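*Asks:* First the structure, which I've put down as structure tokens, then a few questions once you've had a look.
The values are calculated or read from the model by the stated rules, or taken from the named source; none is laboratory data. Just so it is clear, the structure is predicted and the values come from calculations on it, not from any experiment. Here Cβ is always computed from backbone atoms with ideal geometry, including for glycine, and neighbour counts include all displayed protein chains. Protein only, heavy atoms only, side chains kept; ligands, DNA and RNA dropped before computing areas. Shrake-Rupley method; radii C 1.70, N 1.55, O 1.52, S 1.80 Å.
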Amino acid sequence: MKEENRGKSLLKLLLIVAATAAFCVMGYLNMPNIKLGLDLAGGVSITYQATEENPSKQDMDDTIYKLQKRAEGYSSEAEVYQEGANRINIDIPGVSDANAILEELGKPGSLQFVEGSYDADGNLTGFDNVVLDGTAVKQAQVGMVEGRNGASDSYEVGITFTDEGAKTFAEVTGRNIGKQIAIVYDNEIVSAPRVNDAITGGQCSITGDFTLEEAQSLASTIRLGALKLELTELRSNVVGAKLGQQAISTSLLAGAIGFAIVVVFMIAVYRVAGVAASIALSLYVGLILILLDAFEVTLTLPGIAGIVLSIGMAVDANVIIFTRIKEELGIGKSVREALDAGFHKALSAIIDGNVTTIIAAAVLYFRGSGTVKGFAQTLALGIILSMMTALFVTRWLLHAFYGMGLDKPSMYGIKKPVEKPVDFIGKRKLCYTVSALVIACGIAFMGINKASIGDMFNYGLDFKGGTSTNVTFNEDMSLEDISAKVVPVVTEVTGDQAPQTQKVQGTNEVIIKTGSLSAEQREALNQRLADEFGVDQEKITAENISGAVSGEMKRDAVAATAIATVLMLLYIWFRFKDIRFASSAVLALCHDVMVVVTCYAVLKWAVGSTFIACILTIVGYSINATIVIFDRIRENLKIYGNTDLKMIVNRSITETLTRSLNTSLTTFVMVLCLYIIGVSSIREFALPLMVGIVAGAYSSVCVTGPLWYDLTSRNMKKVGEKRAAELEADRLAKSSKKKAKASRSKEVK
């Protein structure tokens, strides 16, 4: 019977290993199908120009925001930014046919709703009166109309008007029942629907014998015409990757080395369990490569860093489980009992930690835009996969190993119960002081930077904008040649340490983006390029460009982060039945973010689009360690009661200390590999992440638990004082009654 069980366990193990190998091979073969961002694979760059020579800033901002939302239909990593006074540039990654994109987008022109002359049947015979323009349209989208009585399904276009537009449209339709109203785009009728009834709700539907493609085209035209500014196409071209193959290869190499180090570490520390985790992590990597293509996630350079980072984060759930197993073995349980108890006791911490991060990802996806939305997709995908592989695949593997006869406690590691907890509560004031000084230093440097460089931070191109210089070289230069030869010259002349370069595919033209250049700097750069590379200065053009991260995108990111934080607070409050747990966790998150922001201010790190992804990563990552400690405090409260809070907090932090350090270490190693091996843009992302990981580990161990202790102790003190006051009031009342009774007794005598 024992041999039969061993055979079944071996078969189970072989099936899981075979499936893991198959998914890893499929993931590897699937890599060419993954959509890459403009920075990795190039794409289409389109420049529109407003017909108005000097449009207002508000009109330009509104139009950029609407075009950003529209461009995200092609890729979540599309970038839209202002160029010069009245131009808007759109970069759409992962596509190569500029003409096809332009044809699908259409030419952004004017949209009008027109009354006209009618024949006896109410058919439009001529234009008379423009009653609405595109600014009255809020949204236009395709809907499906279900066929009845055997008829096939058809499609319609639903239009939603602004409040002002809805009032006007109600009046217009009221007086034109039975007649046509023309929808005119760039002086051409794109649709002339007949009005059946007065439309008073601010929404209407255009029905007809539409195919899906026809309905989509009409909806797209109406949306495009709803732009505030009238735009014309100025130029379009296919651009090469900003960074090229080198960035991909070095990032993959960093990921492979980091993964190998993590595997060795896990096996060395957790032995048989470490082997199981390594197989599960390999499956995780294969699955995530497959799902990136399945969900059509556009992968950018920060996205690659995020995937590599998520491998480190995937270790977290395994470490929680394995630490629990070692603890159960330490109190004398058998291996079988320890395996079951380890997964059971780790479940709540894993679920709570991952759910809070998924909440953040969901809010960021629905509220964010651009890189924020792309980051949210990658984050959610990684979290869900890591949780599933840890809770199911790792469990199956451990039971398979056990069934094969690996049933000695020494094969899994043994952790003895904590006898003398570290006094974290006693050192909390020192920790609070250190944190306060670091954050105060950051605030002080923000003021110093504001006075010296005009901004609190060293904002990069993505935030501040700059100068775009187009240079036509005499030969076709590779990305490597541009990086090795051109970039050093640009840096030397302009002082910009991180200029961005792009090739225009099929030409010798290179786009160089730097911080804002003065007339003298532009002239000096042109002269130096002519001297070094023999380019014709007359073919060099330069334009001022706005930041790719628009004001609306910044506000979206801030709003999304704020909403996510509030929802995480509510979830923790709900799960732990105590607002003090939630408050402490959110304060710790703020602490971690402020420490990283301090480094940006003090060290003048460039603040670009990766800054947003970095901050969001830290928010999603650091909450996990806090949840694990809180879960242990909750568990120990049930065992010991709340008679000695100091002992409970110290014991809980000490019991989870190994897990906190091991998880932080494995994640740190992954990011460190990125920093050492990766290209400069990867390093800009990796360096603050390493600071965030260290800050998160520190705050979880030294700040969160003590914060909860202080908040709870203060509350208990208030409750105690209130109870004491009530007892004293009760005693005085009883004493007063006794005296009154004695007094009445004397009067009777």
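*Asks:* Given the condition assigned to a strand (DSSP E or B), of a type outside the set (Ser, Thr, Tyr), closer than 30 Å to residue 68 by Cβ and in contact (Cβ under 8 Å) with a residue 40 or more places away in the chain, answer yes or no: does some residue in region 530-542 qualify?
*Replies:* yes
*Asks:* When the residues of region 161-190 are narrowed to those that are surrounded by 19 or more Cβ atoms within 10 Å (Cβ to Cβ) and of a type in the set (S, T, N, Q), which ends up nearest to residue 119 (Cα to Cα)?
*Replies:* 180
*Asks:* Next up: Quick one: which of 386, 348 is surrounded by fewer than 19 Cβ atoms within 10 Å (Cβ to Cβ), hydroxyl-bearing (Ser, Thr, Tyr), at pLDDT below 90 and within 23 Å of residue 284 (Cα to Cα)?
*Replies:* None of the other options fit; the residue is 348.
*Asks:* Then there is this: Would you check if there is a residue in region 474-483 being touching a helix residue (DSSP H, G or I) at 6+ places or on another chain (Cβ under 9 Å), at pLDDT 85 or above and either in a helix (DSSP H, G or I) or surrounded by fewer than 17 Cβ atoms within 10 Å (Cβ to Cβ) (or both)?
*Replies:* yes
*Asks:* Out of curiosity, is residue 188 under 40 Å from the mean Cα position of the chain (by Cα) and acidic (Asp, Glu)?
*Replies:* no
*Asks:* Next question, about the same structure. Considering (1) at pLDDT 85 or above; (2) outside any helix (DSSP H, G or I); (3) open to solvent by 30 Å² or more (accessible area, probe 1.4 Å); (4) not hydrophobic (A, V, I, L, M, F, W, C), say which one residue 413 fails and leave the rest.
*Replies:* The failed condition is (3).
*Asks:* From the list 484, 440, 436, exactly one residue is farther than 30 Å from residue 654 by Cα and not basic (Lys, Arg). Which is it?
*Replies:* Exactly one residue qualifies, and that residue is 484.
*Asks:* Then there's this: Looking at the structure I just gave you, is residue 178 part of a loop (DSSP other than H, G, I, E, B), touching a residue at least 40 places away in the same chain (Cβ under 8 Å) and among the small types (Gly, Ala, Ser)?
*Replies:* Judged against the criteria, residue 178 is a match.
*Asks:* Under 7 Å between Cβ atoms, at least 6 apart or on separate chains: pull out the pairs that start in region 496-524 with a residue that is within 20 Å of residue 92 (Cα to Cα) and end on any residue that is open to solvent by 40 Å² or more (accessible area, probe 1.4 Å) and in a helix (DSSP H, G or I).
*Replies:* 503/479
*Asks:* Those residues that are in contact (Cβ under 8 Å) with a residue 40 or more places away in the chain and open to solvent by 70 Å² or more (accessible area, probe 1.4 Å), I need them from region 24-69; list them, please.
*Replies:* Passing the criteria: 25, 26, 28, 33, 35, 51, 52, 66, 69.
*Asks:* If you take the residues in region 673-682 that are assigned to a helix (DSSP H, G or I) and either touching a strand residue (DSSP E or B) at 6+ places or on another chain (Cβ under 8 Å) or open to solvent by less than 60 Å² (accessible area, probe 1.4 Å) (or both), which one is modelled with the highest pLDDT?
*Replies:* 673
*Asks:* Keeping to region 580-634, report how many residues are at pLDDT below 90, closer than 16 Å to residue 357 by Cα and not hydrophobic (A, V, I, L, M, F, W, C).
*Replies:* 6
*Asks:* Going by the conditions given, is residue 367 open to solvent by 10 Å² or more (accessible area, probe 1.4 Å), at negative phi and at pLDDT below 90?
*Replies:* Judged against the criteria, residue 367 is a match.
*Asks:* Let me ask something additional. Which of the residues belonging to region 448-471 are part of a helix (DSSP H, G or I), touching a helix residue (DSSP H, G or I) at 6+ places or on another chain (Cβ under 7 Å) and more than 13 Å from residue 604 (Cβ to Cβ)?
*Replies:* Result: 462, single match.
*Asks:* Please state which one of 65, 74, 48, 28 is in a helix (DSSP H, G or I), among the aromatic types (Phe, Trp, Tyr) and either in contact with a Phe, Trp or Tyr (Cβ under 8 Å, 6 or more places away or on another chain) or closer than 24 Å to residue 222 by Cα (or both).
*Replies:* The unique qualifying residue is 65.
*Asks:* Shifting gears a bit: Being at pLDDT 90 or above and open to solvent by 40 Å² or more (accessible area, probe 1.4 Å), is that true of even one residue in region 688-696?
*Replies:* yes
*Asks:* Next up: Run residue 546 past the list (1) more than 22 Å from residue 81 (Cβ to Cβ); (2) modelled with pLDDT under 90 and report the number of the one that doesn't hold.
*Replies:* The single condition residue 546 does not satisfy is (1).
*Asks:* Moving on to the next point. Quick one: what pairs do we get from region 598-618, first residue under 16 Å from residue 456 (Cβ atoms), second in a loop (DSSP other than H, G, I, E, B) and of a type outside the set (A, V, I, L, M), C-beta under 7 Å, 6+ apart or different chains?
*Replies:* As it stands, the answer is 599/605; 600/457; 601/457; 606/460; 607/457; 607/460; 608/460, since those pairs meet every condition given.
*Asks:* For region 264-294, enumerate the residues that are open to solvent by 30 Å² or more (accessible area, probe 1.4 Å) and more than 13 Å from residue 389 (Cβ to Cβ).
*Replies:* Residues satisfying the conditions are 264, 265, 267, 268, 269, 271, 275, 289, 290, 293, 294.
*Asks:* Taking region 82-103 only, how many residues are part of a strand (DSSP E or B), touching a residue at least 60 places away in the same chain (Cβ under 8 Å) and closer than 20 Å to residue 36 by Cα?
*Replies:* Count: 3.
*Asks:* So, of the residues in region 640-658 that are at pLDDT below 90 and either in a helix (DSSP H, G or I) or of a type outside the set (D, E, K, R) (or both), which turns out to be surrounded by the fewest Cβ atoms within 10 Å (Cβ to Cβ)?
*Replies:* Top of the filtered list is 643.
*Asks:* Select from region 182-224 the residues that are in contact with a helix residue (DSSP H, G or I) (Cβ under 7 Å, 6 or more places away or on another chain) and in a loop (DSSP other than H, G, I, E, B) and write down the one among them that is modelled with the lowest pLDDT.
*Replies:* Residue satisfying both the conditions and the ranking: 200.
*Asks:* State yes or no: is residue 425 in contact with a helix residue (DSSP H, G or I) (Cβ under 6 Å, 6 or more places away or on another chain), open to solvent by less than 40 Å² (accessible area, probe 1.4 Å), more than 30 Å from residue 65 (Cα to Cα) and of a type outside the set (Ser, Thr, Tyr)?
*Replies:* Yes; evaluated as a whole, the condition is true for this residue.
*Asks:* If I ask for residues that are over 18 Å from residue 659 (Cα atoms) and either hydroxyl-bearing (Ser, Thr, Tyr) or surrounded by fewer than 20 Cβ atoms within 10 Å (Cβ to Cβ) (or both), which ones from region 389-402 would you list?
*Replies:* Listed by number, the residues that qualify are 389, 392, 395, 396, 399, 402.
*Asks:* Can I ask one more? So residue 562 clears everything in (1) touching a residue at least 24 places away in the same chain (Cβ under 8 Å); (2) more than 23 Å from residue 310 (Cβ to Cβ); (3) of a type outside the set (S, T, N, Q) except one condition, right? Which one?
*Replies:* Condition not satisfied by residue 562: (1).
*Asks:* Only one of 56, 9 is in contact with a His (Cβ under 8 Å, 6 or more places away or on another chain) and polar (S, T, N, Q). Can you tell me which?
*Replies:* Testing whether each residue is in contact with a His (Cβ under 8 Å, 6 or more places away or on another chain) and polar (S, T, N, Q) leaves just 9.
*Asks:* Being on the phi < 0 side of the Ramachandran plot and at pLDDT below 85 is the filter here; which residues of region 137-172 pass it?
*Replies:* 145, 146, 147, 148, 151, 152, 153, 154
*Asks:* Now a separate question. Checking the structure you have, find out if any residue of region 618-635 is open to solvent by 30 Å² or more (accessible area, probe 1.4 Å), of a type outside the set (Phe, Trp, Tyr) and in a helix (DSSP H, G or I).
*Replies:* yes
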